[in-house]
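The values are calculated or read from the model by the stated rules, or taken from the named source; none is laboratory data. Predicted, not measured: the structure shown is a model, and the values here were computed from it. Cβ placement follows ideal geometry from the backbone for every residue including glycine, while neighbour counts extend to all protein chains displayed. To get the accessible areas, we keep the full protein, side chains included, count just its heavy atoms, and leave off ligands, DNA and RNA. Shrake-Rupley method; radii C 1.70, N 1.55, O 1.52, S 1.80 Å.
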Amino acid sequence: YMALRKYVPKVSATPPVCVQSLNISIKENGKVTVLQKAPTEADVDLDLREVYFLIMHFLSSGPCQRTCGHLWNELLEHQLLPRRYHAWYSRSGMPSGDVNDDGISLPLNYSKLVERHPHVDKDHLVKLLKQLILASAIPSRSMVSGNMLNAASVPTLLGVGSFSFLSSDHSLRGNKDIKSPSYMRWPHRLADQIRSLGLREIGGGFIRHHRAPSTRAACYAIAKPSTMVQKMQNTKCVRGHRNAVYCAIFDRSGRYVVTGSDDRLVKIWSMETAYCLASCRGHEGDITDLAVSFNNALVASASNDCMIRIWRMPDGLPISVLRGHSAAVTAIAFSPRPGALYQLLSSSDDGTCRIWDARYSQFSPRIYVPKPSDSAAGRSSIPSSSNVQQSHQIFCCAFNASGTVFVTGSSDTLARVWNACKPNTEDSEQPNHEIDVLAGHENDVNYVQFSGCAVAARAYPSDGSKEETLPKFRNTWLNHDNIVTCSRDGSAIIWIPRSRRSHGKTGRWIRAYHLKVPPPPLPPQPPRGGPRQRILPTPRGVNMIAWSLDNRFVLAAIMDCRICVWNAVDGSLVHSLTGHTNSTYVLDVHPFNPRIAMSAGYDGKTIVWDIWEGAPIRTYEIGPFKLVDGKFSPDGTSIILSDDVGQLYILSTGQGESQRDAKFDQFFLGDYRPLIHDTHGNVLDQETQLAPYRRNMQDLLCDS
């Protein structure tokens, strides 16, 4: 076997091993101390032969056995392993017969070194690196109150600047500008000094020594998924609603949380203190959806009372009331297009979509109505109008990353793509029709999403470098115009855009992959001859679907409590994740780590997954109530969850000291007092004859 014999080197002389002197740096109390001897003395010499032996010893116990064999031959060929030196009285300088004996020493092979050093374990190199990390991490731990490490104190050997263990990186940081590739910079563009202070205020901030001094240093602070969530704990539970909270979202900065409930209230909360800041009253029905504008100025709420109300962040001042739908408003979304920050898209059970100017109640919206079928068009020559009641309902809508088109899913098993930029200029009262129809499902299309929207949702359009905030992928599969749709028929479909030359009557999007939900694993059966267990069919409809952050995977929450992960490039099933025991309707991806996703369900569990490995990172037992909505914060350090009894849960890093004073029950005196409505939808408090938000200035009360 090649690893058991010594490799005979070539006739040419073997180059000597270059041993470099190293300076050992130790971090203490946030300062870097370089241990150097006086200039007259020699520096510390490190025998690189020992390093090669430790690397070889480490590889011998791992899965890279072929690499280990090749390295064995290379080390013997170049004589890079430690040598055996003769005793001083036997160093004659004459060769002893061994071809590699120079009279002073002869090289040893790996087997002989293992026999000579039985105290060196296979993981000796790993232990040395761990000791190096602990020696630098333990002093900085005292800088944080208690023994709680925050999300920034993640050990890594690959950091630069203040994240590096090498003194050379600290000395060259101001002179040498190390730029990372653009595709590595985009997730961390929000990690500047201002927003890092915001992280500190909500309990997940960076201590001074470990905070990234710049964006380029932050992008090299690579962290494993397990280390990013290991210190995230259930820190606070508050209640501000009497009924289920089906809508809970963060604002764009992560400092505020907006909740909407079946008790007809919209409330704005502070993440810093966990206090309710405003109670927005006016709706006469359940809250169905919430949306925050991309400049973080407005929040919109939709309801099954056919109205959309616009509120100011964060004080809840009413801005406008958008009326026009004749049935419940099912979904709303603000446009991500920089020139259309106040354009609000809405879908309704009346079968139409509308784009509003969210600032003004008196402006007429742009109306979108599906084209009539050929049979209906043949029977009637009357032009289509928005007043005609549609025979189907539109359940969901979503913009693409640039805000130029949007997609909807409806009860007629079809998804439709619409142009969001080009209005009907011939007649403003005539509705706009779809530009493509996506047919392939056999049941209601209950959720749709464009790829790349996880990036766009966290980009600030006010930033001057808009193009740099979005990743540039060369793979055409990872562009921002792919669509994924899901249905209760137990499948999801990935649609990809055709090239412009192929646009025509066949449609602009084509079906790339039909993602079928696999059957659940069978329970263990009794041995042969015993009673057989009857297996009842389980529903395999898709409740929720999402793209991964890097658009490489499609995640789906299945009705049989599983989370399925498909490869978006070839449509193959990657993982079928089990962990929930009841239906799951909450699914979200981490804002800057493409490996992390979160799911929550009716079993009261919240599971943070590593979708690359297909394993749960951490499971949170929230409580006995059903979890109906949840989101990651824009900085990735917190999770909010809401349940069916009106409670809001905050999972965050840190100890949550600023949230300790917040009481469990937080209601305003006028939350459920009667209102007076005028013909335009504006409201007044019946008791005080004042605007409802004026009653938010009173002290918070408990439920009783």
Can you tell me which residues in the range 628-649 are under 15 Å from Lys236 (Cα atoms) and part of a strand (DSSP E or B)?
Gly630, Ser638, Ile639, Ile640, Leu641, Ser642, Asp643, Gln647, Leu648, Tyr649
With the checklist (1) farther than 27 Å from Val405 by Cα; (2) among the charged types (D, E, K, R); (3) open to solvent by 40 Å² or more (accessible area, probe 1.4 Å) in hand, flag the one item Arg323 doesn't pass.
(1)
May I ask you to verify whether Val445 is at pLDDT 90 or above, closer than 18 Å to Met544 by Cβ and either open to solvent by 20 Å² or more (accessible area, probe 1.4 Å) or among the hydrophobic types (A, V, I, L, M, F, W, C) (or both)?
yes
Only residues that are assigned to a loop (DSSP other than H, G, I, E, B), open to solvent by 10 Å² or more (accessible area, probe 1.4 Å) and within 20 Å of Ser402 (Cβ to Cβ): list them for the range 339-362, please.
Leu341, Tyr342
Could you check the range 635-671 and list, in sequence order, the residues that are more than 17 Å from Arg255 (Cα to Cα), among the aromatic types (Phe, Trp, Tyr) and crowded, with 18+ Cβ neighbours inside 10 Å?
Phe667, Phe668
So, in the range 549-559, exactly how many residues are open to solvent by 30 Å² or more (accessible area, probe 1.4 Å) and within 20 Å of Gly604 (Cα to Cα)?
1
Right, Arg379: modelled with pLDDT of 90 or more, among the charged types (D, E, K, R) and open to solvent by 50 Å² or more (accessible area, probe 1.4 Å) or not?
no
Within the range 490-501, can one find any residue that is at pLDDT below 70, of a type outside the set (Gly, Ala, Ser) and open to solvent by 50 Å² or more (accessible area, probe 1.4 Å)?
yes
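To keep it simple, each residue is scored yes or no on (1) in contact with an Asp or Glu (Cβ under 9 Å, 6 or more places away or on another chain); (2) closer than 26 Å to Pro591 by Cα; (3) of a type in the set (Lys, Arg).
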{"site": "Arg252", "(1), (2), (3)": "no, yes, yes"}
{"site": "Ser261", "(1), (2), (3)": "yes, yes, no"}
{"site": "Val266", "(1), (2), (3)": "no, yes, no"}
{"site": "Ser279", "(1), (2), (3)": "yes, no, no"}
{"site": "Thr288", "(1), (2), (3)": "no, yes, no"}
{"site": "Ala300", "(1), (2), (3)": "yes, yes, no"}
Any chance Ser346 is at pLDDT 95 or above and either under 21 Å from Pro497 (Cβ atoms) or within 32 Å of the chain's Cα centre (by Cα) (or both):
yes
Starting from residues that are in a strand (DSSP E or B) and hydroxyl-bearing (Ser, Thr, Tyr), keep the ones in the range 602-627 and report whichever is farthest from Ser642 (Cα to Cα).
Thr619
Say we look at the range 605-616 and pick out the residues that are under 20 Å from Asp560 (Cα atoms) and out of contact with any Lys or Arg (no Cβ under 7 Å at 6 or more places or on another chain); which of these is surrounded by the most Cβ atoms within 10 Å (Cβ to Cβ)?
Trp609
Checking Leu690 against (1) part of a strand (DSSP E or B); (2) over 30 Å from Val229 (Cα atoms), the condition it does not meet:
(1)
Hand me the list of strands (runs of 3 or more DSSP E) wholly inside the range 225-318 holding 2 or more residues that are modelled with pLDDT of 95 or more, open to solvent by 20 Å² or more (accessible area, probe 1.4 Å) and touching a His at 6+ places or on another chain (Cβ under 7 Å).
none
Would you check if there is a residue in the range 465-472 being at pLDDT below 80, over 21 Å from the mean Cα position of the chain (by Cα) and among the small types (Gly, Ala, Ser)?
yes
Would you check if there is a residue in the range 522-536 being open to solvent by 10 Å² or more (accessible area, probe 1.4 Å), modelled with pLDDT under 90 and on the phi > 0 side of the Ramachandran plot?
yes
State whether one or more residues within the range 565-573 are open to solvent by less than 30 Å² (accessible area, probe 1.4 Å), modelled with pLDDT under 90 and in a loop (DSSP other than H, G, I, E, B).
no
Being more than 24 Å from Ser105 (Cβ to Cβ) and either open to solvent by 60 Å² or more (accessible area, probe 1.4 Å) or assigned to a helix (DSSP H, G or I) (or both) is the filter here, so list the residues in the range 50-82 that pass it.
Phe58, Leu59, Ser61, Pro63, Cys64, Gln65, Arg66, Thr67, Cys68, Gly69, His70
Filtering the range 236-260 for residues that are polar (S, T, N, Q) and more than 19 Å from Val628 (Cα to Cα) leaves a count of 1
Just to check your reading of the model, which residue among Thr688, Thr619 is over 25 Å from Phe250 (Cα atoms) and surrounded by fewer than 19 Cβ atoms within 10 Å (Cβ to Cβ)?
Thr688
